[in-house]
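Chemist: If you scroll down you'll find the structure; I have some questions about it.
The values are calculated or read from the model by the stated rules, or taken from the named source; none is laboratory data. In this text the structure is predicted, and so the values were computed from the model without any measurement. Counting neighbours? That spans all protein chains shown, and the Cβs are built from the backbone with ideal geometry, glycine included.
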Amino acid sequence: MPSALEDLQSIQEYIARDSRYYADKFVDEAFRKTELLADFPECGRVVQEMENPSLREIIYGSYRIIYELIEDEVQIVAVIHGKRLLPEMNP
């Protein structure tokens, strides 16, 4: 499975076909959205498709930023479009 950074890079490249400005803005805002998780790691909702309460997501536009709570750490595991199927995850 691609890393979340690879996901984000692919999204950025796709958006950049039309606008480099909006592609860069998307990435900046996605990072800003995840900064909240440092103070509020449980603010995202549990990923419905998974039976694992440590897998959570926050929504940014049409995208799902999926992360895993591991003890006192938050790890971003995927950034996917909301209409796409969730890839197989092995937390």
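Chemist: Within the stretch 59-72, work out how many residues are surrounded by 10 or more Cβ atoms within 10 Å (Cβ to Cβ) and more than 19 Å from Gln9 (Cβ to Cβ).
Modeler: Counting residues in the stretch 59-72 that are surrounded by 10 or more Cβ atoms within 10 Å (Cβ to Cβ) and more than 19 Å from Gln9 (Cβ to Cβ) gives 4.
Chemist: Give the residue, chosen from Tyr14, Tyr60, Tyr21, Tyr67, that is in contact with a strand residue (DSSP E or B) (Cβ under 6 Å, 6 or more places away or on another chain) and among the aromatic types (Phe, Trp, Tyr).
Modeler: Tyr67 is the lone residue from the list that is in contact with a strand residue (DSSP E or B) (Cβ under 6 Å, 6 or more places away or on another chain) and among the aromatic types (Phe, Trp, Tyr).
Chemist: Please tell me if Val77 is surrounded by 13 or more Cβ atoms within 10 Å (Cβ to Cβ) and free of Cβ contacts under 8 Å to residues at least 60 places away in the same chain.
Modeler: no
Chemist: List pairs: first in the stretch 10-26 and closer than 13 Å to His81 by Cβ, second among the polar types (S, T, N, Q) and assigned to a helix (DSSP H, G or I), Cβ under 9 Å, 6+ apart or cross-chain?
Modeler: Between residues of the stretch 10-26 that are closer than 13 Å to His81 by Cβ and residues that are among the polar types (S, T, N, Q) and assigned to a helix (DSSP H, G or I), the close pairs are Phe26/Gln12.
Chemist: Moving on. Taking the stretch 19-46 on its own, how many of its residues are more than 19 Å from Leu5 (Cβ to Cβ) and among the β-branched types (Val, Ile, Thr)?
Modeler: Result for the stretch 19-46: 1.
To keep it simple, each residue is scored yes or no on (1) at pLDDT below 95; (2) over 8 Å from the mean Cα position of the chain (by Cα); (3) hydrophobic (A, V, I, L, M, F, W, C).
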{"residue": "Glu42", "(1), (2), (3)": "yes, yes, no"}
{"residue": "Arg45", "(1), (2), (3)": "yes, yes, no"}
{"residue": "Gln48", "(1), (2), (3)": "yes, yes, no"}
{"residue": "Glu51", "(1), (2), (3)": "yes, yes, no"}
{"residue": "Ser54", "(1), (2), (3)": "yes, yes, no"}
{"residue": "Gly61", "(1), (2), (3)": "yes, yes, no"}
{"residue": "Val74", "(1), (2), (3)": "yes, yes, yes"}
{"residue": "Ala78", "(1), (2), (3)": "yes, no, yes"}
{"residue": "Gly82", "(1), (2), (3)": "yes, yes, no"}
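Chemist: Quick check on this structure: which one of Leu8, Leu37 is under 10 Å from Val79 (Cα atoms), surrounded by 14 or more Cβ atoms within 10 Å (Cβ to Cβ), at pLDDT below 95 and not β-branched (Val, Ile, Thr)?
Modeler: Matching residue, one of Leu8, Leu37: Leu8.
Chemist: What are the residue pairs meeting all of these: first residue in the stretch 48-59, first residue β-branched (Val, Ile, Thr), second residue part of a strand (DSSP E or B), Cβ atoms under 9 Å, and 6 or more apart or on different chains?
Modeler: Correct list of pairs: Ile58/Arg45; Ile58/Arg64; Ile58/Ile65; Ile58/Ile66; Ile58/Tyr67; Ile59/Arg45; Ile59/Ile65.
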